[in-house]
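Notes follow once the structure below has been shown.
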Amino acid sequence: MHFLSFTHIVFIQLALPAVLHGAKWTYSGPEGEHHWPKHYPYCGGSFQSPIDIKSELLRFDPTLRPIEIQNYNLSPTEQLTLGNNGHSVQISLPSKMYISSLPHRYTAAQLHFHWGSSSRPAGSEHMVNSRQYAAEMHVVHFNSDKYPNMSMAVDKSDGLAVLGVLIEVGEFNPAFEHFLRFINGIKYRDQRVQVPGFNIRALLPARLDEYFRYDGSLTTPPCYPSVLWTLFRNHVTISRKQFLALSTTLYSTHAQDSAPMPLNGNFRKLQLTDSRVVLVSFKEGRGLQGTLTVTSPLTRKQIVQQLLVGDLADLADEGLYKLLPSGSEKLHAGKKKDLKNQQTVAKSKQQMLSPSLWKKSQTNRSVGKLWLAEDALCYVSLEHRVFHQLKQSHAENQLVQALRDVTFPELNLKSYLDCKSDLALPTIRHLLRGRPTDEAFELDRSLTKALMNKKHITPAIKKSVPVTNYGGFSPATVSRKPHSQGYPHPWLLPMEWED
């Protein structure tokens, strides 16, 4: 692969969204993250990052291999570009660096940081059980098996893989000095300096076999949900002096600007978990007792295959659990009586305002072919297509919700087949929409019953399952706690309890 210079990467990260939307962004103020979705609709969409990695989201996956990285130890004769892009400190990385332990080769492009401030040294984007660290490092890689460069990969659902490292203030870290000693040369936006190569591996934790894994997004605009996240379990430390160098030296404005703005607090707030779970590569430790073990992707594909082409008549009679892996029957025991007593309090309605849009999204799927498992979603083309549909119906202002409703089922299904999410009710409805039969309607009605309380929607459901503008449930806001009150019965969670 060709070398990605800092200039190229800045263009990818900043200019590409500007071309699409003609907007700039900040972390606070009139262009802060609350306003991102106005110009970058995916920022208000599904499968966003960062998230709070809580114990109840964890699933142990025994197939997760230790992270293997190649050519991370760079020679001092190799020059790297250290720059201030107005949002972060960024280091360009040579294309010879890559991750070799994922299904595809992911080639390194750049690394950057997010941090707090001197008065509030808490600026990591991800949290673990609601604990926020002082800072966080992201090493960004793109799928070089399928895409020629970062700009082509950034908007594909299988385009990026990011290694995340949590950073705490503590002992001095000599590896960070390789670039922090040059930080005065990049005080202002768009300033860059050359720094000698060093061992990038030294910036990572000692153990690369213990990590959290989930499907998520860029944490900055355009927020494409194109990232396979690997967040290492163990943090690294930097000294207070090193943290202050990062948090007090830099400005987000240009040198010639009359009102310089400090560059700190550059972290995005936590996002909804949607239907996602977090896979873990380790079993021991707090919060891991009793975690669910993921089922085989082959079994999960069989479940989806049955929904696509199988006989739905029996499933409509509370039988969906029969499709699920062994162990689900035990979870289902004792639930039939509750199901029979439940009443439907809301009719199943179409989630999309344009039926033709759903029809169009299904044209590439032949019966029984799990095309969603193999094909990458291209978010730029999807956004253009949805916007065109909405423009025809004079509903441009509904782009954020429309994109969310379109992409959630497809993202959820792809993630589900890789064991990184639960099969959500809107996704099942999405699959059944291609089967307009009485049996499909009955199954959909039984699923709706499972979501409802006997007499009324519980306060928890009212809060976590609001009705969208299109009359259906918003798929991204369903509470994902396996046993929360009012949540769909356990047979909607195809996992096995770990003994």
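Overview of values
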{"read-out": "Across LYS156/LYS301; LYS156/LYS414; LYS54/LYS301; LYS54/LYS414, pairs whose alpha-carbon gap is larger than 19 Å", "value": "LYS156/LYS301; LYS54/LYS301; LYS54/LYS414"}
{"read-out": "Local electrostatic count, GLY83, Cβ distance below 13 Å [Lys/Arg +1, Asp/Glu -1]", "value": "+2"}
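Each value in this text was obtained by applying a stated rule to the coordinates, not by laboratory testing. The model shown is predicted, which means the values in this text are computed figures rather than measured ones. Cβ sites come from the backbone with ideal geometry, for glycine too, and all protein chains shown count toward neighbours.
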